[in-house]
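Engineer: Sharing a structure with you now.
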Amino acid sequence: MRHLAFSTFLALSTPSLVLGWGEPHHAITRAALEVLPAWQKEVLGGELKQLGDKYCMIPDHVFSDKENAKYAQMESVPNEVYLKILHLPTQQPEYLEVMRYFMEQAVASLRSGKLGDAARYIGTVCHQIEDYGSPSHTVPGDNMFTLLQQFLPPTEAMKGQLMHGPIENGDFKVSIEGYKPALLGNTVNEAAWRLMHRVHDEILNARSTTVPIMQALYKEDKEDVVKHQKRAATMDAQVVADAVYTMMCLGMQKFAAEEQELLKRVQIGGFFPLEAASCYYPQQQFFSSPNWGHPRSGVILEGGTKEIPLKLCVGSSNQEFKNGISAGMGKPLTFLLPKDVYARFTVLAGLHPELGAKGRVEFTVSGDGKVLTTVILNGTDPAKLLECDVAGVRELQLALTSRGLDAKSNYAIWAEPTLVKN
Ligand SMILES: [Zn+2]
């Protein structure tokens with residue numbers, strides 16, 4: 001009991017901080033701001049420097065910087081001073097809403113001429129993107145790397161050290177000179193949703209740096225540590241640049257026509273479905289035949305082991321596809337859609353013409369639990385273009401069901417799944 005009382009005391013007296021990038025927050029934000037177009041820098045004026053020097057740290061400084069703490073708070077959880085989700089991802093619908101909320105605050109502040117408020121909210125958005133892409137935030141549930149260190153036993157000199165800080169901290173410069181920030185949406189709903197998918201790629205990139213950084217720390221090779229940290233920081237800066245650029249465009253209602261055109265349709269074959277918890281595909285979620293249960297983006301697994309290109313028979317000839325998904329039977333994939341953005345969904349459904357020749361599969365597209373379109377295809381049938389209305393749909397689901405005798409031949413492919421605006 002004493003132990004319990006003591007831990008309760010600790011929990012009450014010390015907020016559970018999950019600090020991300022320390023100093024590098026500034027370096028990443030500054031690198032992103034540098035590549036903004038001149039007109040945006042002009043609008044931001046004196047706030048530009050403050051963003052890199054101070055506002056990108058607002059979510060970490062909520063206890064010491066009480067004046068600015070409110071810019072990292074949500075109306076829906078007024079008592080939560082330190083919003084953990086601004087530092088670590090949880091579930092997709094939750095962190096999408098947080099991204100959307102703070103982007104909306106920034107845009108609304110810009111539209112009502114409150115530049116100081118806007119810059120502070122932008123700082124909070126920068127912080128969230130940077131923390132999610134920190135090499136120290138890449139292992140779900142292992143924020144201090146006590147678990148990862150069991151796989152990678154530390155050297156004598158590093159024993160007992162909490163690795164979170166050493167993995168992400170450092171004093172280095174970041175530059176993305178020449179990078180042209182991209183418009184993520186012409187509404188906040190669209191922009192936050194596109195930002196979330198950019199952030200998923202950023203998390204995977206950061207995750208590829210974590211182990212090399214730990215190994216470099218063990219070797220006390222500082223140069224190597226920084227090399228890998230910068231790999232994460234560089235992509236983080238690009239995503240931050242896209243986000244800030246987009247918030248400024250939305251706030252000032254200034255868009256380039258060719259960028260608007262690019263946003264009219266988006267292929268989602270590379271996006272993470274809701275089932276990809278914590279940004280990876282846990283195998284037990286998917287175990288099914290074929291593919292050993294692994295849905296794959298951009299490839300199909302021959303015999304469950306060998307990645308080969310996605311291929312479908314279109315009309316009378318075979319065609320390869322880069323954007324698409326191969327998946328097993330009976331394990332649907334669910335994609336969260338942004339509110340009031342897309343009108344239609346199109347996808348080419350079919351079986352791999354060689355691997356799947358003996359298969360027979362039912363392809364079903366559903367929206368919020370209602371079947372939108374469905375078709376049964378044989379392995380020798382040409383691919384079928386499915387089209388459906390998705391206006392108002394929040395969750396789009398792609399499901400496959402075996403309808404034949406040879407489950408091992410159900411090499412089903414969703415090629416170029418595409419959301420289209422009106
Ligand atoms: Zn943080």
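Engineer: Going by the structure shown, is Lys370 out of contact with any helix residue (DSSP H, G or I) (no Cβ under 9 Å at 6 or more places or on another chain), touching a residue at least 40 places away in the same chain (Cβ under 8 Å) and exposed (fewer than 15 other Cβ atoms within 10 Å of the Cβ)? Break it down into steps so the answer makes sense when it comes.
Structural biologist: Details: out of contact with any helix residue (DSSP H, G or I) (no Cβ under 9 Å at 6 or more places or on another chain): yes; touching a residue at least 40 places away in the same chain (Cβ under 8 Å): no; exposed (fewer than 15 other Cβ atoms within 10 Å of the Cβ): yes.
For Lys370, the condition - out of contact with any helix residue (DSSP H, G or I) (no Cβ under 9 Å at 6 or more places or on another chain), touching a residue at least 40 places away in the same chain (Cβ under 8 Å) and exposed (fewer than 15 other Cβ atoms within 10 Å of the Cβ) - is not met.
Engineer: May I ask you to list the residues in region 205-225 that are of a type in the set (A, V, I, L, M) and touching a helix residue (DSSP H, G or I) at 6+ places or on another chain (Cβ under 7 Å)?
Structural biologist: At the first step, the residues of region 205-225 found to be of a type in the set (A, V, I, L, M) are 206, 211, 213-214, 216-217, 225.
Matches in region 205-225: Ala206, Ile213, Met214, Ala216, Leu217, Val225.
Engineer: Might you check whether a residue that is under 30 Å from Lys41 (Cα atoms) and either assigned by TED's automatic domain parsing to the domain that holds Thr29 or within 16 Å of the ligand (Cβ to nearest atom) (or both) occurs anywhere in region 155-162?
Structural biologist: Scanning region 155-162 turns up no residue that is under 30 Å from Lys41 (Cα atoms) and either assigned by TED's automatic domain parsing to the domain that holds Thr29 or within 16 Å of the ligand (Cβ to nearest atom) (or both).
Engineer: Same structure again: Which pairs have Cβ atoms under 7 Å, sit 6 or more apart or on different chains, and link a residue in region 130-143 that is under 15 Å from Ala27 (Cα atoms) and assigned to a loop (DSSP other than H, G, I, E, B) to one that is within 13 Å of the ligand (Cβ to nearest atom) and of a type in the set (Phe, Trp, Tyr)?
Structural biologist: Ser134/Trp21
Engineer: If we keep just the residues of region 106-129 that are crowded, with 24+ Cβ neighbours inside 10 Å and either polar (S, T, N, Q) or in a loop (DSSP other than H, G, I, E, B) (or both), which is nearest to the ligand (Cβ to nearest atom)?
Structural biologist: So the residue we want is Gln128.
Engineer: Can you pull out the residues in region 51-75 that are among the charged types (D, E, K, R), more than 13 Å from the ligand (Cβ to nearest atom) and assigned to a helix (DSSP H, G or I)?
Structural biologist: Within region 51-75, Asp53, Lys70 qualify.
Engineer: Still on this structure, please answer the following. Taking region 242-258 as the region of interest, how many residues are assigned to a helix (DSSP H, G or I) and touching a residue at least 40 places away in the same chain (Cβ under 8 Å)? Full working, then the answer.
Structural biologist: As a first pass, look at region 242-258 and keep what is assigned to a helix (DSSP H, G or I): 242-252, 257-258.
Right, trim to touching a residue at least 40 places away in the same chain (Cβ under 8 Å) and you get 242-252.
Matching residues across region 242-258 total 11.
Engineer: While we're here: Can you tell me how many residues in region 176-199 are touching a Pro at 6+ places or on another chain (Cβ under 9 Å) and either small (Gly, Ala, Ser) or under 18 Å from Gln229 (Cα atoms) (or both)?
Structural biologist: 4
Engineer: Go through region 226-270 residue by residue and tally those that are touching a helix residue (DSSP H, G or I) at 6+ places or on another chain (Cβ under 9 Å) and closer than 30 Å to Val365 by Cα.
Structural biologist: 5
Engineer: Just a yes or no: is a residue in region 77-97 at pLDDT below 95, surrounded by 21 or more Cβ atoms within 10 Å (Cβ to Cβ), away from the ligand (no atom under 16 Å from the Cβ) and at negative phi?
Structural biologist: Yes, there is a match, as at least one residue in region 77-97 is at pLDDT below 95, surrounded by 21 or more Cβ atoms within 10 Å (Cβ to Cβ), away from the ligand (no atom under 16 Å from the Cβ) and at negative phi.
Engineer: Inside region 82-99, can you point out the residues that are in a loop (DSSP other than H, G, I, E, B) and either in contact (Cβ under 8 Å) with a residue 60 or more places away in the chain or touching a strand residue (DSSP E or B) at 6+ places or on another chain (Cβ under 8 Å) (or both)?
Structural biologist: First pass over region 82-99, keeping only residues in a loop (DSSP other than H, G, I, E, B): 82-83, 87-91.
Residues satisfying the conditions are Tyr82, His87, Leu88, Pro89, Gln91.
Engineer: In region 238-246, is there at least one residue being touching a Pro at 6+ places or on another chain (Cβ under 6 Å), aliphatic (A, V, I, L, M) and under 15 Å from Cys126 (Cα atoms)?
Structural biologist: Step one: list which residues in region 238-246 are touching a Pro at 6+ places or on another chain (Cβ under 6 Å), which gives 241-242, 245.
So of that shortlist, the ones also aliphatic (A, V, I, L, M) come out as 241.
Imposing the further condition that a residue be under 15 Å from Cys126 (Cα atoms) reduces the set to 241.
Checked region 238-246: at least one residue is touching a Pro at 6+ places or on another chain (Cβ under 6 Å), aliphatic (A, V, I, L, M) and under 15 Å from Cys126 (Cα atoms).
Engineer: Provide a single number: the residues in region 26-50 that are part of a helix (DSSP H, G or I) and either away from the ligand (no atom under 16 Å from the Cβ) or modelled with pLDDT under 95 (or both). Spell out how you get there, then give the answer.
Structural biologist: The initial filter retains those residues of region 26-50 that are part of a helix (DSSP H, G or I), namely 26-34, 38-44, 47-50.
So of that shortlist, the ones also either away from the ligand (no atom under 16 Å from the Cβ) or modelled with pLDDT under 95 (or both) come out as 30-34, 38-44, 47-50.
Count: 16.
Engineer: Further question on the same structure: Just to be sure before I move on: is Lys358 without any contact (Cβ under 8 Å) to a residue 40 or more places away in the chain, more than 30 Å from Arg100 (Cα to Cα) and either surrounded by 20 or more Cβ atoms within 10 Å (Cβ to Cβ) or not β-branched (Val, Ile, Thr) (or both) in the structure I sent?
Structural biologist: On the way: without any contact (Cβ under 8 Å) to a residue 40 or more places away in the chain: no; more than 30 Å from Arg100 (Cα to Cα): yes; either surrounded by 20 or more Cβ atoms within 10 Å (Cβ to Cβ) or not β-branched (Val, Ile, Thr) (or both): yes.
Criteria not met by Lys358.
Engineer: Please pick out the residue among Leu195, Leu162 that is of a type in the set (A, V, I, L, M) and not in a helix (DSSP H, G or I).
Structural biologist: Working: Leu195 fails: not in a helix (DSSP H, G or I).
Leu162 is the lone residue from the list that is of a type in the set (A, V, I, L, M) and not in a helix (DSSP H, G or I).
Engineer: Name the residues in region 144-153 that are in a loop (DSSP other than H, G, I, E, B) and either within 16 Å of the ligand (Cβ to nearest atom) or surrounded by 16 or more Cβ atoms within 10 Å (Cβ to Cβ) (or both), would you? Steps first, please.
Structural biologist: Kept after step one, since they are in a loop (DSSP other than H, G, I, E, B), are these residues of region 144-153: 144-147, 152-153.
Listed by number, the residues that qualify are Met144, Phe145.
The values are calculated or read from the model by the stated rules, or taken from the named source; none is laboratory data. Quick caveat: nothing in here was measured; it's all calculated off a predicted structure. All Cβ positions, glycine included, derive from the backbone under ideal geometry; neighbour counts span all protein chains shown.
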